[in-house]
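Asks: A single structure is presented below for examination.
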């Protein structure tokens with residue numbers, strides 16, 4: 001009997017059909033990879049399964065029994081567990097408290113912590129999910145937090161586990177540990193739905209791949225019979241080839257950072273960071289999330305002023321704490337969080353496109369925005385950067401992740417900036433969108449821009465970067481040619497080990 005079965009599941013949002021008669025079967029002990037480009041309907045389908053949404057048509061069966069629609073509690077009671085990409089843990093509570101949270105009755109007069117400890121210890125031993133139950137979640141590593149999320153689901157007796165982009169913030173070693181855990185889980189009969197855009201991981205960990213395109217199931221393939229090119233083509237409906245950088249001679253220094261230190265004692269603060277980015281050069285910054293990347297990005301975007309050391313652009317001090325002056329100085333900004341920092345979702349597309357250019361003659365007259373000029377320019381940018389939307393008057397929040405990222409690229413790159421901060425530019429994007437974003441960055445490099453590429457995707461860094469440095473606990477290693485380091489060495493450095501190399 002299948003562990004999980006979708007039968008003709010359809011979900012509409014107004015005129016948009018997010019899921020179109022989706023049918024899918026998942027067997028016990030199987031890792032099914034769910035693949036699809038941004039906006040293909042993967043998240044909607046999982047939200048229907050977990051009770052966040054209710055399908056307009058169709059049904060879901062768990063162990064052969066119909067699942068009550070629109071109820072998260074019903075999904076949990078049926079044995080469905082979900083580990084989101086962004087963890088839902090309370091940092092000020094212990095591991096044990098996080099796992100037990102919400103599992104006991106409202107009127108229970110005391111917690112049965114001994115039974116909980118015994119159950120957690122058994123699960124940790126059986127599945128290789130070792131973690132200190134008394135540690136505060138705020139004090140443990142990202143990899144350990146993911147173990148806690150998985151233990152939370154298993155503690156509730158999950159038999160079907162949904163993992164959404166589970167390796168997005170893990171080192172390669174932590175990802176390997178997760179894959180070993182998944183093998184242990186499936187050996188004991190759990191069914192796993194693995195959602196990822198990293199094709200090499202899908203090929204390594206899954207038994208079967210199911211592909212959604214524009215809300216419809218377009219097919220599935222046994223993983224051992226598939227390759228990256230085939231999966232990419234199934235996902236986007238065409239052949240996809242990621243661009244490769246041409247060898248280029250680095251030019252003059254564009255950005256020079258010397259002994260940059262930001263306030264705070266945590267790993268998220270910078271400590272004595274020095275780095276130079278040249279024209280025609282991409283410098284990759286690797287590191288586990290929370291090790292100083294945001295502090296570095298805030299300084300370079302003009303969002304931070306409380307720091308020591310020097311930051312110079314073309315030999316002149318970079319304006320501290322003044323975002324408008326930063327943009328006017330020739331900095332293109334691609335922020336990490338496209339929703340919170342990249343765009344204003346309730347504004348129309350043309351408004352977001354001019355948000356860094358309000359006083360430009362291209363969109364204003366005598367300091368007042370000229371709607372006609374702004375809209376005309378937005379139409380040109382939408383066409384040039386292939387932003388798929390209903391037009392410049394559409395609300396930005398209606399865009400898929402990939403098209404929202406294209407909008408941000410259009411705003412940042414249309415000005416032809418001399419320095420570009422690209423912070424996680426392809427996070428959560430599908431193969432087609434990844435190839436497009438990387439192509440535009442390489443075009444800017446060829447034009448003469450210097451690019452600082454902050455990414456947790458080591459494959460991306462190795463493919464695009466001329467040099468790579470690692471941020472760990474706020475300290476930056478020496479930036480060496482990408483071919484001088486292996487992914488394994490970078491992973492060790494990300495985890496706080498020197499990997500046998502000298503740090504700057």
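Asks: Yes or no: residue 446 assigned to a helix (DSSP H, G or I), closer than 30 Å to residue 488 by Cα, touching a residue at least 60 places away in the same chain (Cβ under 8 Å) and not assigned by TED's automatic domain parsing to the domain that holds residue 231?
Replies: Considered against the rule, which asks whether it is assigned to a helix (DSSP H, G or I), closer than 30 Å to residue 488 by Cα, touching a residue at least 60 places away in the same chain (Cβ under 8 Å) and not assigned by TED's automatic domain parsing to the domain that holds residue 231, residue 446 comes out as yes.
Asks: Another one. With the condition kept exactly as written, say whether any residue in region 240-249 is farther than 30 Å from residue 194 by Cα and touching a strand residue (DSSP E or B) at 6+ places or on another chain (Cβ under 8 Å).
Replies: So far as region 240-249 goes, yes, one or more of its residues are farther than 30 Å from residue 194 by Cα and touching a strand residue (DSSP E or B) at 6+ places or on another chain (Cβ under 8 Å).
Asks: Considering region 404-416 alone, what residues qualify as being touching a helix residue (DSSP H, G or I) at 6+ places or on another chain (Cβ under 8 Å) and surrounded by 21 or more Cβ atoms within 10 Å (Cβ to Cβ)?
Replies: 404, 405, 406, 407, 408, 409, 410, 411, 413
Asks: Of all residues in region 184-214, how many are touching a helix residue (DSSP H, G or I) at 6+ places or on another chain (Cβ under 8 Å) and either at positive phi or free of Cβ contacts under 8 Å to residues at least 40 places away in the same chain (or both)?
Replies: 3
Asks: All but one of (1) under 28 Å from residue 214 (Cα atoms); (2) surrounded by 22 or more Cβ atoms within 10 Å (Cβ to Cβ) hold for residue 51; state the number of the condition that does not hold.
Replies: Among (1) under 28 Å from residue 214 (Cα atoms); (2) surrounded by 22 or more Cβ atoms within 10 Å (Cβ to Cβ), residue 51 violates only (2).
Asks: Take the residues in region 359-372 that are in contact (Cβ under 8 Å) with a residue 12 or more places away in the chain and part of a loop (DSSP other than H, G, I, E, B), then tell me which one is surrounded by the fewest Cβ atoms within 10 Å (Cβ to Cβ).
Replies: Filtering first and then ranking leaves 362.
Asks: In region 234-250, what residues are at pLDDT 85 or above and surrounded by 13 or more Cβ atoms within 10 Å (Cβ to Cβ)?
Replies: 234, 243, 245, 248, 250
Asks: For residue 473, work out the one condition from (1) at pLDDT 90 or above; (2) under 21 Å from the mean Cα position of the chain (by Cα) it doesn't fulfil.
Replies: It fails just one condition, (1).
Asks: In region 327-347, how many residues are assigned to a loop (DSSP other than H, G, I, E, B) and either at pLDDT 90 or above or surrounded by 14 or more Cβ atoms within 10 Å (Cβ to Cβ) (or both)?
Replies: 9
Asks: Can you pull out every residue in region 184-203 that is surrounded by fewer than 20 Cβ atoms within 10 Å (Cβ to Cβ) and at pLDDT 90 or above?
Replies: Matches in region 184-203: 186, 187, 189, 203.
Asks: Quick one: residue 488 ticks every box in (1) in contact with a strand residue (DSSP E or B) (Cβ under 7 Å, 6 or more places away or on another chain); (2) surrounded by fewer than 17 Cβ atoms within 10 Å (Cβ to Cβ); (3) in a helix (DSSP H, G or I) bar one, so which box is it?
Replies: Condition not satisfied by residue 488: (1).
Asks: Pick out the one residue from 76, 60 that is buried (at least 17 other Cβ atoms within 10 Å of the Cβ), over 17 Å from residue 44 (Cα atoms) and at pLDDT 90 or above.
Replies: Result of the check over 76, 60: 76.
Asks: Evaluate the following for residue 412: is it under 16 Å from the mean Cα position of the chain (by Cα) and either under 22 Å from residue 332 (Cβ atoms) or assigned to a loop (DSSP other than H, G, I, E, B) (or both)?
Replies: Here the answer is no, as residue 412 does not meet what is asked.
Asks: What number of residues in region 250-273 are touching a strand residue (DSSP E or B) at 6+ places or on another chain (Cβ under 6 Å) and under 13 Å from residue 307 (Cβ atoms)?
Replies: 11
Asks: Next up: Search region 56-84 for residues that are without any contact (Cβ under 8 Å) to a residue 24 or more places away in the chain and pair each with any residue that is surrounded by fewer than 14 Cβ atoms within 10 Å (Cβ to Cβ) when their beta-carbon atoms are under 6 Å apart and the residues are at least 6 apart or on different chains.
Replies: 66/59; 69/54; 70/54
Asks: Related question: Restrict the check to region 373-383 and report whether at least one residue is under 24 Å from residue 15 (Cα atoms), out of contact with any helix residue (DSSP H, G or I) (no Cβ under 8 Å at 6 or more places or on another chain), surrounded by fewer than 14 Cβ atoms within 10 Å (Cβ to Cβ) and at pLDDT 90 or above.
Replies: The answer is yes, given that some residue of region 373-383 is under 24 Å from residue 15 (Cα atoms), out of contact with any helix residue (DSSP H, G or I) (no Cβ under 8 Å at 6 or more places or on another chain), surrounded by fewer than 14 Cβ atoms within 10 Å (Cβ to Cβ) and at pLDDT 90 or above.
The rows are residues; the columns are (1) in contact (Cβ under 8 Å) with a residue 24 or more places away in the chain; (2) farther than 30 Å from residue 87 by Cβ; (3) in a strand (DSSP E or B).
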residue	(1), (2), (3)
291	yes, no, no
294	yes, no, no
300	yes, no, no
310	yes, yes, yes
321	no, yes, no
325	no, yes, no
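Asks: In addition: All but one of (1) modelled with pLDDT under 95; (2) surrounded by fewer than 20 Cβ atoms within 10 Å (Cβ to Cβ); (3) in contact with a strand residue (DSSP E or B) (Cβ under 7 Å, 6 or more places away or on another chain) hold for residue 293, so report the exception by its number.
Replies: Status for residue 293: all satisfied but (2).
Asks: Now a separate question. Within region 119-133, can one find any residue that is at pLDDT 85 or above, surrounded by fewer than 20 Cβ atoms within 10 Å (Cβ to Cβ), closer than 30 Å to residue 455 by Cα and in contact with a helix residue (DSSP H, G or I) (Cβ under 7 Å, 6 or more places away or on another chain)?
Replies: Within region 119-133 (the criterion being at pLDDT 85 or above, surrounded by fewer than 20 Cβ atoms within 10 Å (Cβ to Cβ), closer than 30 Å to residue 455 by Cα and in contact with a helix residue (DSSP H, G or I) (Cβ under 7 Å, 6 or more places away or on another chain)), the answer is yes, since at least one residue qualifies.
Yes or no, residue by residue, for (1) within 24 Å of residue 258 (Cα to Cα); (2) touching a helix residue (DSSP H, G or I) at 6+ places or on another chain (Cβ under 7 Å):
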residue: 420; (1), (2): yes, yes
residue: 423; (1), (2): yes, yes
residue: 430; (1), (2): no, yes
residue: 438; (1), (2): no, yes
residue: 448; (1), (2): yes, no
residue: 454; (1), (2): yes, yes
residue: 457; (1), (2): no, no
residue: 486; (1), (2): no, no
residue: 491; (1), (2): no, yes
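Asks: So residue 391 fits all but one of (1) closer than 24 Å to residue 42 by Cα; (2) surrounded by fewer than 16 Cβ atoms within 10 Å (Cβ to Cβ); what number is the exception?
Replies: Answer for residue 391: the failing condition is (1).
Asks: Okay, moving on. Of the conditions (1) assigned to a helix (DSSP H, G or I); (2) assigned by TED's automatic domain parsing to the domain that holds residue 250, residue 383 fails just one. Which one is it?
Replies: Going through (1) assigned to a helix (DSSP H, G or I); (2) assigned by TED's automatic domain parsing to the domain that holds residue 250 one by one, residue 383 breaks only (2).
The values are calculated or read from the model by the stated rules, or taken from the named source; none is laboratory data. This is a predicted model, so every value here is computed, not measured. FYI the Cβ positions are ideal-geometry reconstructions off the backbone, even for glycines, and counts take in every protein chain you see.
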